[in-house]
Amino acid sequence: MTAALEGQGGPLASGVFVHGEHPQIRFEQKLADHMLAPAGILCQSGWDANAGLLQSIADADTPVYVDNIAHMSLWAGAKNAGAPVYPFRHNSSENLRERIAEHGPGIIAVDSIYSTNGSRCPLESMCDIADETGSVLVVDESHSLGTDGPDGAGMVVEFGLTDRVHFRIASLSRAFAGRAGFVTAPDSDFAEYFKMESYPAVFSTRLLPHDIAGLTATLDIIRQDGWRRERLIEVSAKIRRELTALGFDLEDSASQIVAVQTGPDLHTFAVRDFLEERGIFGSVFCPPATSRQRTLIRFSLHAALTDSDVDRIIGACTAVRDRFGAEAPKPRGLDESAQSIAN
(Lines give C-alpha, C1' and ligand atoms only; values in the text may rest on other atoms or scores of the structure.)
Protein backbone atom coordinates (compact mmCIF):
# COMPACT_ATOMS: atom_id res chain seq x y z
CA MET A 1 0.00 0.00 0.00
CA THR A 2 2.86 2.37 0.79
CA ALA A 3 4.38 1.74 -2.63
CA ALA A 4 1.03 2.39 -4.26
CA LEU A 5 0.68 5.68 -2.43
CA GLU A 6 4.17 6.79 -3.38
CA GLY A 7 4.21 5.53 -6.95
CA GLN A 8 0.77 6.31 -8.36
CA GLY A 9 -1.02 9.60 -8.33
CA GLY A 10 -2.78 11.97 -10.64
CA PRO A 11 -6.46 12.51 -11.40
CA LEU A 12 -8.91 9.63 -11.27
CA ALA A 13 -11.63 8.80 -13.77
CA SER A 14 -14.38 6.19 -13.92
CA GLY A 15 -13.34 2.55 -13.85
CA VAL A 16 -14.83 2.35 -17.35
CA PHE A 17 -11.56 3.82 -18.64
CA VAL A 18 -9.26 1.33 -16.89
CA HIS A 19 -7.72 -1.21 -19.25
CA GLY A 20 -4.63 -3.26 -20.07
CA GLU A 21 -2.32 -4.25 -17.21
CA HIS A 22 -3.72 -1.78 -14.71
CA PRO A 23 -3.63 -3.11 -11.10
CA GLN A 24 -7.43 -2.97 -10.96
CA ILE A 25 -7.73 -5.26 -14.00
CA ARG A 26 -5.23 -7.68 -12.48
CA PHE A 27 -7.05 -7.76 -9.15
CA GLU A 28 -10.42 -8.28 -10.82
CA GLN A 29 -9.13 -11.37 -12.58
CA LYS A 30 -7.29 -12.62 -9.49
CA LEU A 31 -10.42 -12.46 -7.34
CA ALA A 32 -12.55 -13.93 -10.14
CA ASP A 33 -10.13 -16.86 -10.39
CA HIS A 34 -10.31 -17.31 -6.61
CA MET A 35 -14.11 -17.51 -6.84
CA LEU A 36 -13.95 -19.85 -9.87
CA ALA A 37 -15.64 -17.23 -12.04
CA PRO A 38 -14.71 -16.36 -15.64
CA ALA A 39 -14.50 -12.60 -14.97
CA GLY A 40 -15.27 -9.95 -12.40
CA ILE A 41 -15.84 -6.24 -11.87
CA LEU A 42 -14.50 -4.16 -8.99
CA CYS A 43 -16.92 -1.52 -7.70
CA GLN A 44 -16.67 1.38 -5.27
CA SER A 45 -18.71 -0.44 -2.60
CA GLY A 46 -20.91 -3.41 -1.92
CA TRP A 47 -23.95 -1.19 -2.36
CA ASP A 48 -22.71 -0.13 -5.80
CA ALA A 49 -22.09 -3.76 -6.76
CA ASN A 50 -25.54 -4.96 -5.66
CA ALA A 51 -27.57 -1.98 -6.83
CA GLY A 52 -25.58 -1.67 -10.05
CA LEU A 53 -26.02 -5.32 -10.99
CA LEU A 54 -29.78 -5.43 -10.41
CA GLN A 55 -30.22 -2.13 -12.24
CA SER A 56 -28.20 -3.55 -15.17
CA ILE A 57 -29.99 -6.88 -15.62
CA ALA A 58 -33.60 -6.07 -14.65
CA ASP A 59 -36.22 -3.98 -16.42
CA ALA A 60 -39.90 -3.14 -16.21
CA ASP A 61 -40.85 -6.51 -17.68
CA THR A 62 -38.64 -8.60 -15.38
CA PRO A 63 -40.00 -9.55 -11.95
CA VAL A 64 -37.41 -9.57 -9.19
CA TYR A 65 -37.92 -11.93 -6.24
CA VAL A 66 -36.04 -10.79 -3.14
CA ASP A 67 -35.74 -12.65 0.16
CA ASN A 68 -37.59 -10.64 2.76
CA ILE A 69 -34.42 -9.85 4.76
CA ALA A 70 -31.96 -9.58 1.87
CA HIS A 71 -29.76 -6.49 1.80
CA MET A 72 -31.50 -3.22 0.95
CA SER A 73 -29.10 -2.57 -1.93
CA LEU A 74 -30.74 -5.40 -3.88
CA TRP A 75 -34.14 -3.78 -3.47
CA ALA A 76 -32.69 -0.42 -4.51
CA GLY A 77 -31.16 -1.85 -7.68
CA ALA A 78 -34.43 -3.46 -8.72
CA LYS A 79 -36.31 -0.21 -8.09
CA ASN A 80 -33.74 1.74 -10.13
CA ALA A 81 -34.42 -0.63 -13.02
CA GLY A 82 -38.16 0.00 -12.75
CA ALA A 83 -38.68 -3.72 -12.15
CA PRO A 84 -41.62 -5.13 -10.19
CA VAL A 85 -40.28 -6.45 -6.88
CA TYR A 86 -41.90 -9.38 -5.06
CA PRO A 87 -40.54 -10.29 -1.62
CA PHE A 88 -40.75 -13.88 -0.44
CA ARG A 89 -40.63 -15.26 3.08
CA HIS A 90 -37.13 -15.63 4.45
CA ASN A 91 -35.45 -18.81 3.20
CA SER A 92 -38.82 -20.21 2.09
CA SER A 93 -38.43 -22.20 -1.11
CA GLU A 94 -42.15 -22.98 -1.04
CA ASN A 95 -43.17 -19.32 -0.90
CA LEU A 96 -40.69 -18.44 -3.66
CA ARG A 97 -42.22 -21.10 -5.90
CA GLU A 98 -45.67 -19.67 -5.24
CA ARG A 99 -44.53 -16.16 -6.13
CA ILE A 100 -42.90 -17.27 -9.38
CA ALA A 101 -45.96 -19.34 -10.31
CA GLU A 102 -48.05 -16.19 -9.87
CA HIS A 103 -45.81 -13.65 -11.61
CA GLY A 104 -43.56 -15.65 -13.93
CA PRO A 105 -39.81 -16.29 -14.17
CA GLY A 106 -37.42 -13.46 -13.41
CA ILE A 107 -34.49 -12.71 -11.11
CA ILE A 108 -34.08 -14.35 -7.68
CA ALA A 109 -31.93 -12.33 -5.25
CA VAL A 110 -30.66 -13.84 -1.99
CA ASP A 111 -27.81 -13.52 0.50
CA SER A 112 -25.62 -16.54 1.18
CA ILE A 113 -25.38 -15.46 4.83
CA TYR A 114 -27.93 -12.89 5.93
CA SER A 115 -26.54 -9.81 7.63
CA THR A 116 -29.63 -9.32 9.78
CA ASN A 117 -29.58 -12.61 11.68
CA GLY A 118 -26.63 -14.70 10.46
CA SER A 119 -28.80 -17.41 8.91
CA ARG A 120 -27.63 -19.32 5.84
CA CYS A 121 -29.48 -19.51 2.55
CA PRO A 122 -30.51 -22.96 1.22
CA LEU A 123 -28.50 -22.33 -1.93
CA GLU A 124 -29.05 -25.72 -3.54
CA SER A 125 -32.81 -25.31 -3.25
CA MET A 126 -32.59 -21.82 -4.75
CA CYS A 127 -30.57 -23.22 -7.66
CA ASP A 128 -33.21 -25.91 -8.22
CA ILE A 129 -35.97 -23.30 -8.38
CA ALA A 130 -33.97 -21.08 -10.74
CA ASP A 131 -33.31 -24.06 -13.02
CA GLU A 132 -36.91 -25.26 -12.99
CA THR A 133 -38.43 -21.85 -13.67
CA GLY A 134 -35.83 -20.42 -16.03
CA SER A 135 -34.96 -17.64 -13.59
CA VAL A 136 -31.64 -15.89 -13.01
CA LEU A 137 -30.10 -16.43 -9.57
CA VAL A 138 -28.11 -13.64 -7.87
CA VAL A 139 -26.28 -14.47 -4.62
CA ASP A 140 -24.79 -11.82 -2.34
CA GLU A 141 -21.71 -13.40 -0.74
CA SER A 142 -20.70 -10.39 1.35
CA HIS A 143 -20.67 -12.41 4.58
CA SER A 144 -19.34 -15.71 3.20
CA LEU A 145 -16.53 -14.58 0.89
CA GLY A 146 -13.34 -14.99 2.89
CA THR A 147 -14.95 -16.99 5.69
CA ASP A 148 -16.50 -19.98 3.92
CA GLY A 149 -15.50 -22.46 1.26
CA PRO A 150 -12.07 -23.68 0.14
CA ASP A 151 -9.50 -20.96 0.86
CA GLY A 152 -12.37 -18.60 1.65
CA ALA A 153 -13.83 -18.71 -1.87
CA GLY A 154 -17.41 -18.52 -0.56
CA MET A 155 -20.44 -20.75 -0.13
CA VAL A 156 -21.23 -21.04 -3.83
CA VAL A 157 -17.82 -22.62 -4.42
CA GLU A 158 -18.15 -24.70 -1.25
CA PHE A 159 -21.32 -26.38 -2.52
CA GLY A 160 -20.11 -26.72 -6.12
CA LEU A 161 -22.74 -24.34 -7.50
CA THR A 162 -20.60 -22.02 -9.62
CA ASP A 163 -22.23 -23.26 -12.84
CA ARG A 164 -25.75 -22.79 -11.44
CA VAL A 165 -25.49 -19.35 -9.84
CA HIS A 166 -25.56 -16.74 -12.57
CA PHE A 167 -24.10 -13.81 -10.61
CA ARG A 168 -22.33 -13.38 -7.30
CA ILE A 169 -21.81 -10.05 -5.59
CA ALA A 170 -19.94 -9.08 -2.45
CA SER A 171 -18.93 -6.18 -0.30
CA LEU A 172 -15.18 -6.24 0.32
CA SER A 173 -15.59 -4.41 3.64
CA ARG A 174 -16.22 -7.62 5.61
CA ALA A 175 -13.52 -10.30 5.57
CA PHE A 176 -11.42 -8.11 3.25
CA ALA A 177 -11.71 -5.12 5.62
CA GLY A 178 -11.48 -2.82 2.61
CA ARG A 179 -13.62 -0.33 0.74
CA ALA A 180 -14.97 -1.89 -2.43
CA GLY A 181 -17.50 -4.27 -3.94
CA PHE A 182 -17.25 -7.08 -6.47
CA VAL A 183 -19.45 -8.67 -9.11
CA THR A 184 -18.65 -11.97 -10.80
CA ALA A 185 -19.39 -12.02 -14.51
CA PRO A 186 -20.19 -14.97 -16.80
CA ASP A 187 -17.72 -13.63 -19.37
CA SER A 188 -15.65 -10.58 -20.29
CA ASP A 189 -18.43 -9.26 -22.54
CA PHE A 190 -20.79 -8.91 -19.58
CA ALA A 191 -18.05 -7.22 -17.57
CA GLU A 192 -17.75 -4.58 -20.30
CA TYR A 193 -21.54 -4.27 -20.51
CA PHE A 194 -21.77 -3.72 -16.75
CA LYS A 195 -19.20 -0.94 -16.82
CA MET A 196 -21.22 0.87 -19.48
CA GLU A 197 -24.70 0.17 -18.07
CA SER A 198 -24.42 0.30 -14.27
CA TYR A 199 -25.08 3.82 -13.00
CA PRO A 200 -22.66 3.49 -10.05
CA ALA A 201 -19.93 2.23 -12.39
CA VAL A 202 -20.43 4.99 -14.93
CA PHE A 203 -20.85 7.87 -12.51
CA SER A 204 -18.20 7.00 -9.89
CA THR A 205 -14.44 7.38 -9.99
CA ARG A 206 -12.37 4.24 -9.78
CA LEU A 207 -10.78 2.99 -6.58
CA LEU A 208 -7.54 4.53 -5.36
CA PRO A 209 -4.27 2.67 -6.05
CA HIS A 210 -3.63 1.95 -2.37
CA ASP A 211 -7.14 0.51 -2.00
CA ILE A 212 -6.40 -2.01 -4.75
CA ALA A 213 -2.97 -2.82 -3.31
CA GLY A 214 -4.54 -3.49 0.08
CA LEU A 215 -7.24 -5.71 -1.37
CA THR A 216 -4.67 -7.68 -3.35
CA ALA A 217 -2.54 -8.31 -0.26
CA THR A 218 -5.62 -9.22 1.78
CA LEU A 219 -6.68 -11.80 -0.78
CA ASP A 220 -3.29 -13.48 -0.40
CA ILE A 221 -3.77 -13.64 3.37
CA ILE A 222 -7.31 -14.99 3.03
CA ARG A 223 -6.12 -17.77 0.74
CA GLN A 224 -3.15 -18.73 2.89
CA ASP A 225 -4.37 -18.37 6.48
CA GLY A 226 -6.89 -21.15 6.88
CA TRP A 227 -6.31 -21.07 10.63
CA ARG A 228 -8.20 -17.78 10.77
CA ARG A 229 -11.34 -19.42 9.38
CA GLU A 230 -10.94 -22.33 11.80
CA ARG A 231 -10.63 -19.93 14.71
CA LEU A 232 -13.67 -17.96 13.56
CA ILE A 233 -15.74 -21.14 13.36
CA GLU A 234 -14.62 -22.10 16.89
CA VAL A 235 -15.34 -18.68 18.39
CA SER A 236 -18.70 -18.33 16.66
CA ALA A 237 -19.90 -21.78 17.67
CA LYS A 238 -19.00 -21.21 21.33
CA ILE A 239 -20.71 -17.83 21.57
CA ARG A 240 -23.86 -19.09 19.82
CA ARG A 241 -23.94 -22.13 22.09
CA GLU A 242 -23.45 -20.17 25.31
CA LEU A 243 -25.93 -17.41 24.45
CA THR A 244 -28.53 -19.99 23.49
CA ALA A 245 -27.96 -21.73 26.82
CA LEU A 246 -28.56 -18.40 28.56
CA GLY A 247 -31.98 -18.28 26.90
CA PHE A 248 -31.38 -15.64 24.22
CA ASP A 249 -33.23 -15.88 20.92
CA LEU A 250 -30.61 -15.97 18.15
CA GLU A 251 -33.18 -16.90 15.50
CA ASP A 252 -31.39 -19.04 12.90
CA SER A 253 -27.83 -17.77 13.31
CA ALA A 254 -25.37 -20.32 11.93
CA SER A 255 -22.38 -18.11 11.23
CA GLN A 256 -20.08 -15.45 12.64
CA ILE A 257 -23.05 -13.08 12.71
CA VAL A 258 -24.80 -13.56 16.05
CA ALA A 259 -27.97 -11.50 16.37
CA VAL A 260 -29.65 -11.24 19.77
CA GLN A 261 -33.36 -10.49 19.42
CA THR A 262 -34.10 -7.71 21.89
CA GLY A 263 -37.61 -6.58 20.99
CA PRO A 264 -38.82 -2.95 21.03
CA ASP A 265 -36.27 -0.27 20.19
CA LEU A 266 -36.18 1.47 23.58
CA HIS A 267 -35.43 -1.82 25.30
CA THR A 268 -32.70 -2.53 22.74
CA PHE A 269 -31.09 0.86 23.37
CA ALA A 270 -31.01 0.13 27.10
CA VAL A 271 -29.36 -3.26 26.50
CA ARG A 272 -26.86 -1.65 24.12
CA ASP A 273 -25.88 0.95 26.73
CA PHE A 274 -25.55 -1.76 29.37
CA LEU A 275 -23.20 -3.77 27.14
CA GLU A 276 -21.13 -0.75 26.15
CA GLU A 277 -20.58 0.11 29.81
CA ARG A 278 -18.89 -3.30 29.98
CA GLY A 279 -16.80 -2.75 26.87
CA ILE A 280 -18.91 -4.88 24.53
CA PHE A 281 -20.00 -3.14 21.34
CA GLY A 282 -22.66 -4.64 19.10
CA SER A 283 -24.53 -3.14 16.16
CA VAL A 284 -28.11 -2.09 16.81
CA PHE A 285 -30.55 -2.98 14.02
CA CYS A 286 -33.54 -0.66 14.23
CA PRO A 287 -35.66 1.35 11.74
CA PRO A 288 -35.28 1.54 8.80
CA ALA A 289 -33.56 -1.88 8.88
CA THR A 290 -36.28 -3.40 11.11
CA SER A 291 -39.61 -2.40 12.59
CA ARG A 292 -39.57 -0.60 15.93
CA GLN A 293 -41.01 -3.63 17.68
CA ARG A 294 -38.49 -6.20 16.42
CA THR A 295 -35.03 -4.74 16.80
CA LEU A 296 -31.83 -6.58 17.63
CA ILE A 297 -28.19 -6.30 18.61
CA ARG A 298 -25.78 -7.95 16.21
CA PHE A 299 -22.35 -9.23 17.15
CA SER A 300 -20.01 -9.52 14.14
CA LEU A 301 -17.34 -11.93 15.36
CA HIS A 302 -13.78 -12.21 14.07
CA ALA A 303 -10.80 -14.54 14.30
CA ALA A 304 -8.69 -12.19 16.44
CA LEU A 305 -10.95 -12.63 19.47
CA THR A 306 -9.02 -14.32 22.27
CA ASP A 307 -10.47 -16.82 24.72
CA SER A 308 -10.53 -13.99 27.26
CA ASP A 309 -12.48 -11.80 24.84
CA VAL A 310 -15.01 -14.58 24.28
CA ASP A 311 -15.44 -15.02 28.03
CA ARG A 312 -16.01 -11.26 28.41
CA ILE A 313 -18.74 -11.33 25.76
CA ILE A 314 -20.46 -14.27 27.42
CA GLY A 315 -20.06 -12.68 30.85
CA ALA A 316 -21.58 -9.40 29.68
CA CYS A 317 -24.50 -11.24 28.10
CA THR A 318 -24.99 -13.17 31.33
CA ALA A 319 -25.24 -9.82 33.10
CA VAL A 320 -27.79 -8.67 30.52
CA ARG A 321 -29.84 -11.80 31.21
CA ASP A 322 -29.70 -11.16 34.95
CA ARG A 323 -30.60 -7.47 34.56
CA PHE A 324 -33.15 -7.50 31.74
CA GLY A 325 -34.00 -11.15 31.16
CA ALA A 326 -33.09 -13.13 28.07
CA GLU A 327 -36.49 -13.13 26.40
CA ALA A 328 -37.29 -10.04 24.31
CA PRO A 329 -40.25 -8.03 25.67
CA LYS A 330 -43.53 -8.47 23.84
CA PRO A 331 -44.50 -5.62 21.46
CA ARG A 332 -46.97 -3.06 22.77
CA GLY A 333 -49.50 -1.03 20.86
CA LEU A 334 -49.35 -1.50 17.11
CA ASP A 335 -48.97 -5.05 15.92
CA GLU A 336 -45.91 -6.06 13.93
CA SER A 337 -47.40 -5.61 10.46
CA ALA A 338 -48.81 -2.19 11.28
CA GLN A 339 -45.56 -1.12 12.88
CA SER A 340 -43.61 -2.15 9.78
CA ILE A 341 -45.89 -0.01 7.61
CA ALA A 342 -45.59 2.90 10.01
CA ASN A 343 -41.83 2.87 9.57
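Annotations for the structure displayed:
- Residue list for segment 207-259, filter: small (Gly, Ala, Ser), closer than 30 Å to residue 311 by Cβ and in contact with a Gly (Cβ under 9 Å, 6 or more places away or on another chain): 226, 236, 247, 253, 254, 255, 259
- Segment 22-46: number of residues that are surrounded by fewer than 19 Cβ atoms within 10 Å (Cβ to Cβ), touching a helix residue (DSSP H, G or I) at 6+ places or on another chain (Cβ under 7 Å) and of a type in the set (A, V, I, L, M, F, W, C): 1
- Here residue 246 fulfils each of the conditions (1) surrounded by fewer than 21 Cβ atoms within 10 Å (Cβ to Cβ); (2) within 19 Å of residue 119 (Cβ to Cβ); (3) among the hydrophobic types (A, V, I, L, M, F, W, C) apart from (2).
- Of all the numbered requirements in (1) at pLDDT 95 or above; (2) surrounded by fewer than 18 Cβ atoms within 10 Å (Cβ to Cβ); (3) assigned to a helix (DSSP H, G or I), residue 254 misses one, and that requirement is (3).
- Residue within segment 178-185 that is small (Gly, Ala, Ser), within 19 Å of the chain's Cα centre (by Cα) and not assigned by TED's automatic domain parsing to the domain that holds residue 91 present: no
- Selection of segment 181-206 for residues being surrounded by 15 or more Cβ atoms within 10 Å (Cβ to Cβ) and among the aliphatic types (A, V, I, L, M) yields 183, 185, 191, 201.
- Matching residues, segment 306-335, being in a loop (DSSP other than H, G, I, E, B), modelled with pLDDT of 95 or more and crowded, with 18+ Cβ neighbours inside 10 Å: 326
One line per residue, one yes/no per condition, for (1) in a loop (DSSP other than H, G, I, E, B); (2) touching a residue at least 12 places away in the same chain (Cβ under 8 Å); (3) more than 19 Å from residue 114 (Cβ to Cβ):
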residue: 190; (1), (2), (3): no, yes, yes
residue: 218; (1), (2), (3): no, yes, yes
residue: 221; (1), (2), (3): no, no, yes
residue: 231; (1), (2), (3): no, yes, yes
residue: 288; (1), (2), (3): yes, yes, no
residue: 292; (1), (2), (3): yes, yes, yes
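- In segment 164-174, the count of residues that are within 29 Å of residue 133 (Cβ to Cβ) and assigned to a helix (DSSP H, G or I) is zero.
- Filter pass, residue 236 being buried (at least 17 other Cβ atoms within 10 Å of the Cβ), within 30 Å of residue 280 (Cβ to Cβ) and of a type outside the set (Lys, Arg): yes
- Among residues of segment 67-92, those that are within 24 Å of residue 40 (Cα to Cα) and touching a Phe, Trp or Tyr at 6+ places or on another chain (Cβ under 6 Å), counted: 1
- Here residue 274 clears all of (1) surrounded by fewer than 15 Cβ atoms within 10 Å (Cβ to Cβ); (2) assigned to a helix (DSSP H, G or I) except the condition numbered (1).
The values are calculated or read from the model by the stated rules, or taken from the named source; none is laboratory data. If you're wondering where the values come from, they're calculated on a predicted model, not measured in any experiment. For neighbour counting, all protein chains shown are included, and Cβ atoms are generated from backbone atoms with ideal geometry for every residue, glycine included.
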